[in-house]
Every structure is written in structure tokens, then in C-alpha cells.
1. Which count do you get for residues in the range 100-127 that are under 18 Å from the mean Cα position of the chain (by Cα) and open to solvent by less than 60 Å² (accessible area, probe 1.4 Å)?
2. Go through the range 32-82 and give me each residue that's aliphatic (A, V, I, L, M), assigned to a helix (DSSP H, G or I) and out of contact with any Pro (no Cβ under 8 Å at 6 or more places or on another chain).
3. Answer yes or no: is there a residue in the range 154-172 that is over 22 Å from I41 (Cα atoms) and touching a Gly at 6+ places or on another chain (Cβ under 8 Å).
4. Only one of (1) in contact (Cβ under 8 Å) with a residue 24 or more places away in the chain; (2) buried (at least 16 other Cβ atoms within 10 Å of the Cβ) is not met by L138, so which one is it?
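The values are calculated or read from the model by the stated rules, or taken from the named source; none is laboratory data. All values reported here derive from a predicted model rather than from experimental measurement. Cβ placement follows ideal geometry from the backbone for every residue including glycine, while neighbour counts extend to all protein chains displayed. Heavy atoms of the whole protein, side chains included, go into the accessibility calculation; ligands, DNA and RNA do not. Shrake-Rupley method; radii C 1.70, N 1.55, O 1.52, S 1.80 Å.
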Amino acid sequence: MNTSDASVETSSPEPRSDTRARRGREETADERADRRWQELIQEIRVTQTGVQILFGFLLTVVFTPHFQGLEQTDKTIYIVTVVLGALATGALIGPVAFHRIVSGRRIKPQAVVWASRLTFTGMVLLLATLTSALFLVLRAATHNGFVPWLVSTVVAWYLLCWFALPLWARYRLTDND
């Protein structure tokens, strides 16, 4: 390598294909666990807020006069929706309780793995809750045959945004190690 190459290399950002760029962060296991925990908590804050608002709203529906007039099928969908919302809420709050219970036990890397699993489970349950809630609302608003198609389209959009696009990026833009 000549001196002009060295100056270019140090003065410009490294290309993505450079070995050092692929190697990732140089951090200890504890530093990595701390960083991953902070990132996970930020993600959970976003989803927790949404699922808690949705769940709170769902809990009030049963006390409205309109609820008593719903068909039994719609009441069943409502019950399924509330149970899914409760499960999603539990899974998304779970990582905080998990961390609190194991804090100071020097198992943060394992806690991050379990908290990630709970968060992913919570997101899947949130998807099911949103699907069920949307289906119920659209059935109550209109009994047209296009409701399942509309809900399916929204679910496809969620699947694309939440899972397909990130998995595509993971496969196409990162190393598979």
C-alpha cells in the first residue's frame, strides 16, 4: 500500500465490505448485554404504550350500551380480542419484571435473550390482538363481505412492515453468522 492509499483510507469512512466494518462493535459481553438491553427497553416502550392503550380501551367496551346489542359471534370475537390483548400486555411487560427479578445476579446476557423472546412473543400477540380488534370493529360497522378481505390486507401490511422487511434486510444486508 502506498502513502496516498493510506491517507485515503484514514480520511474517508470505511466501506461496508471492509473486514473491520463487518466485525462489528468491539465490546465486552457485559457491554453488549447493556447496549442490547437499552435498545430492547426502547423498543418495548413503544409497543407497551400502544398495547396498553388498546387493552384499556377494549376493557371499557363491555360496559357500553352498544355491546349488549352485539350478536353472540361479535361478543365471542370481543372476548378473544380481550384475552389476546391481556396476553400481549403480559408478554410486553414481562421483560421489565424479568429484569427486576434477576437484576444483580450477573446474568444480563441471558436476561436479554429471554426479554427479547418475550418481546417478540408480545409483538405476535399484538398482531393477533390488532387483527381481532379490527375485525370486530369492521363487523360492527358493516356486515359486508369485504370485511375479511380488508382485515387480511391490513394483516399483510403488518406482516410486511414488522417481519418481512426486517427479515429481508437481515438476509440481504448483513452477514449470515
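1. 12
2. Going residue by residue through the range 32-82, those that are aliphatic (A, V, I, L, M) are 33, 40-41, 44, 46, 51, 53-54, 58-59, 61-62, 70, 77, 79-80, 82.
Applying the additional criterion that residues be assigned to a helix (DSSP H, G or I) yields 33, 40-41, 44, 46, 51, 53-54, 58-59, 61, 77, 79-80, 82.
Result: V46, V51, I53, L54, L58, L59, V61, I77, I79, V80, V82.
3. No, every residue in the range 154-172 fails to be over 22 Å from I41 (Cα atoms) and touching a Gly at 6+ places or on another chain (Cβ under 8 Å).
4. Here L138 meets the rest and fails (1).
Okay, residues lined up against (1) closer than 17 Å to L134 by Cα; (2) in contact with a Leu (Cβ under 8 Å, 6 or more places away or on another chain):
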| residue | (1), (2) |
| --- | --- |
| I44 | no, yes |
| L54 | yes, yes |
| V62 | yes, no |
| E71 | yes, no |
| I79 | yes, no |
| V82 | yes, yes |
| G85 | yes, yes |
| A91 | no, yes |
| S103 | no, no |
